[in-house]
């Protein structure tokens with residue numbers, strides 16, 4: 001009986017491993033959903049975001065040169081080539097071939113194409129306009145019926161939760177990467193960052209719901225009520241839920257990788273700056289002296 005149970009567990013594990021798709025296959029969904037283009041549109045603003053995180057950290061005031069190092073590290077870390085490999089792997093790990101085929105069918109449909117087009121358009125609005133949309137300064141005409149649909153859409157996409165998760169995991173990755181780059185033990189650093197993030201998660205998610213509904217409402221402003229109903233129906237289906245989970249996992253993995261790379265770059269730079277500060281100034285270093293010739297007569301030069 002024990003052997004049979006073990007065999008069943010092993011079979012289930014193998015089946016689960018075989019159910020996932022390879023990266024090349026997952027890349028079809030990645031491309032159809034325009035994930036690369038959406039992420040690329042957000043990368044230009046990331047160095048300033050990361051700089052602000054460090055600039056407003058009251059626990060450790062950084063100098064202007066150190067903040068400049070933060071920006072430079074973020075430029076090197078937040079790149080599409082850093083994002084793409086882990087994002088594709090996470091997408092592949094969270095999809096199986098039957099589900100992927102159904103997702104592709106939806107993305108190839110008229111509604112799917114218009115959804116992706118709207119996603120890409122709103123991602124390219126620019127940081128200033130996105131902030132205005134999320135704050136309610138820029139809005140799209142709506143009705144109580146549409147508001148209710150966008151509430152369902154926000155819940156179905158887990159947009160507030162996924163945004164907060166990316167923010168927290170990225171912050172943790174930067175902290176861990178900085179520790180690694182500085183030669184510190186990353187384990188306690190990561191644990192402290194995780195504990196701090198978990199303590200604030202619920203509040204951040206609740207505060208993010210209204211801005212994300214505004215973002216969705218503006219992004220999908222050209223979709224009719226019927227379109228929104230069909231979109232919600234797809235996202236609430238088994239296939240749609242799997243797509244949302246895979247999409248969010250992919251984004252999380254990619255941004256986590258970029259945060260970690262940024263932290264590692266920053267850690268190395270801060271360590272070099274600290275070593276330079278500890279080095280004595282040039283005038284304090286005694287000049288090199290030529291060794292005195294040994295005593296006694298020396299052989300004549302040839």
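The values are calculated or read from the model by the stated rules, or taken from the named source; none is laboratory data. All of these numbers come straight from a predicted model, not from anything done at the bench. Note that we place each Cβ from the backbone using ideal geometry, even for glycine, and neighbour counts take in every protein chain shown.
Residues in the range 92-101 that are surrounded by fewer than 20 Cβ atoms within 10 Å (Cβ to Cβ) and either closer than 15 Å to residue 247 by Cβ or touching a strand residue (DSSP E or B) at 6+ places or on another chain (Cβ under 7 Å) (or both): 2 in all. Of the helices (runs of 4 or more DSSP H) lying entirely inside the range 146-249, those containing at least 1 residues that are out of contact with any helix residue (DSSP H, G or I) (no Cβ under 7 Å at 6 or more places or on another chain) and within 21 Å of residue 29 (Cβ to Cβ) span 225-236. Tell me, yes or no, whether the range 102-112 has at least one residue that is under 19 Å from residue 24 (Cβ atoms), in contact with a strand residue (DSSP E or B) (Cβ under 6 Å, 6 or more places away or on another chain) and assigned to a helix (DSSP H, G or I). No, there is no match, as no residue in the range 102-112 is under 19 Å from residue 24 (Cβ atoms), in contact with a strand residue (DSSP E or B) (Cβ under 6 Å, 6 or more places away or on another chain) and assigned to a helix (DSSP H, G or I).
Listed here are the residues, each with its yes/no results for (1) in contact with a strand residue (DSSP E or B) (Cβ under 8 Å, 6 or more places away or on another chain); (2) closer than 30 Å to residue 22 by Cβ; (3) in contact (Cβ under 8 Å) with a residue 60 or more places away in the chain; (4) surrounded by fewer than 18 Cβ atoms within 10 Å (Cβ to Cβ).
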| position | (1), (2), (3), (4) |
| --- | --- |
| 203 | no, no, no, yes |
| 208 | no, no, no, no |
| 217 | no, no, yes, no |
| 268 | no, no, yes, no |
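Within the bounds of the range 102-109, is there any residue that is surrounded by 18 or more Cβ atoms within 10 Å (Cβ to Cβ), touching a residue at least 60 places away in the same chain (Cβ under 8 Å) and either under 19 Å from the mean Cα position of the chain (by Cα) or on the phi > 0 side of the Ramachandran plot (or both)? The answer is no; no qualifying residue exists.
Counting only residues that are surrounded by fewer than 18 Cβ atoms within 10 Å (Cβ to Cβ) and more than 19 Å from the chain's Cα centre (by Cα), the range 153-190 holds 6 of them.
Restricting attention to the range 42-55, the residues that are part of a helix (DSSP H, G or I) and surrounded by fewer than 19 Cβ atoms within 10 Å (Cβ to Cβ) total 7.
Restricting the range 250-290 to residues that are part of a helix (DSSP H, G or I) and modelled with pLDDT under 80 leaves a set whose member that is nearest to the chain's Cα centre (by Cα) is 274. Check whether at least one residue in the range 5-26 is in contact with a helix residue (DSSP H, G or I) (Cβ under 7 Å, 6 or more places away or on another chain), on the phi > 0 side of the Ramachandran plot and either assigned to a helix (DSSP H, G or I) or at pLDDT 95 or above (or both), and report yes or no. No: zero hits.
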